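Q: Have a look at the structure that comes next, please.
The values are calculated or read from the model by the stated rules, or taken from the named source; none is laboratory data. Bear in mind the structure is a predicted one, so any value in this text is a computation, not a measurement. Cβ coordinates were reconstructed from backbone atoms using ideal geometry, including for glycine residues, and neighbour counts include every protein chain displayed.
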Amino acid sequence: MPQIRHSRQREAILSFLKDRTDHPTADVIFENVRQDLPNISLGTVYRNLSLLSDRGEILRITPGDGKEHFDACTAPHTHFICRSCGALLDLDYRMPAGAIRSAQSAFDGLIERSEVHFIGLCGDCREKEAPAL
Ligand SMILES: [Zn+2]
Ligand SMILES: [Zn+2]
């Protein structure tokens, strides 16, 4: 029953992602999910991640490190990227309501979504670089 197997794999991916707040990449998800489902392939993990993000069940984040990261928290929030250690953290800040509409008003294309990242030093790296502050 391939259909049942497929949904089990998707559930395993989704439940792994729901336990994490560090926005793992497909590789990290694959390495963890295969502990429980040894027959799963990296391609299957990619396909399911695409499907889940197309359905809006998870977020796909492209912070510019050449990798896609995934987030099970789909409530509006923004992200912070540490320029030193690369940590991708959740920020408890949401874009002002109407931000996309404002951007759209001066643009003749179609804006479908926004992805906002703040960049700087995470708490740990800030401590290391400037312990006196
Ligand atoms: Zn850092
Ligand atoms: Zn997030």
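Q: So, in the range 40-92, of the ones that are closer than 24 Å to residue 129 by Cβ and of a type in the set (Ser, Thr, Tyr), which residue ends up farthest from ligand 2 (Cβ to nearest atom)?
A: 84
Q: Quick check on residue 77: is it under 30 Å from residue 9 (Cβ atoms), within 16 Å of ligand 1 (Cβ to nearest atom) and touching an Asp or Glu at 6+ places or on another chain (Cβ under 8 Å)?
A: Values: under 30 Å from residue 9 (Cβ atoms): yes; within 16 Å of ligand 1 (Cβ to nearest atom): no; touching an Asp or Glu at 6+ places or on another chain (Cβ under 8 Å): yes.
No; evaluated as a whole, the condition is false for this residue.
Q: Quickly run through the range 83-126 and pick out the residues that are closer than 22 Å to residue 58 by Cβ, in contact with an Asp or Glu (Cβ under 9 Å, 6 or more places away or on another chain) and either of a type in the set (A, V, I, L, M, F, W, C) or loosely packed, with under 11 Cβ neighbours inside 10 Å (or both).
A: 87, 88, 89, 100
Q: Take the range 52-88 and flag every residue that is touching a residue at least 60 places away in the same chain (Cβ under 8 Å) and either on the phi > 0 side of the Ramachandran plot or within 11 Å of the chain's Cα centre (by Cα) (or both).
A: 88
Q: Tell me, yes or no, whether the range 65-72 has at least one residue that is within 16 Å of ligand 1 (Cβ to nearest atom), of a type outside the set (A, V, I, L, M) and surrounded by 12 or more Cβ atoms within 10 Å (Cβ to Cβ).
A: Among the residues of the range 65-72, at least one is within 16 Å of ligand 1 (Cβ to nearest atom), of a type outside the set (A, V, I, L, M) and surrounded by 12 or more Cβ atoms within 10 Å (Cβ to Cβ), which makes the answer yes.
Q: Looking at (1) more than 15 Å from ligand 1 (Cβ to nearest atom); (2) among the small types (Gly, Ala, Ser); (3) touching a helix residue (DSSP H, G or I) at 6+ places or on another chain (Cβ under 9 Å); (4) at pLDDT 90 or above, can you tell me which one residue 84 breaks?
A: With respect to (1) more than 15 Å from ligand 1 (Cβ to nearest atom); (2) among the small types (Gly, Ala, Ser); (3) touching a helix residue (DSSP H, G or I) at 6+ places or on another chain (Cβ under 9 Å); (4) at pLDDT 90 or above, residue 84 is out only on (1).
Q: Filter the range 97-118 down to the residues that are closer than 15 Å to residue 79 by Cβ and in contact with a Pro (Cβ under 9 Å, 6 or more places away or on another chain), then identify the one that is farthest from ligand 1 (Cβ to nearest atom).
A: Among those residues, the one meeting the criterion is 115.
Q: Cβ contacts < 7 Å: first residue basic (Lys, Arg), restricted to the range 29-49; second residue not in a helix (DSSP H, G or I), any location; separation 6+ or different chain. Result?
A: 34/40
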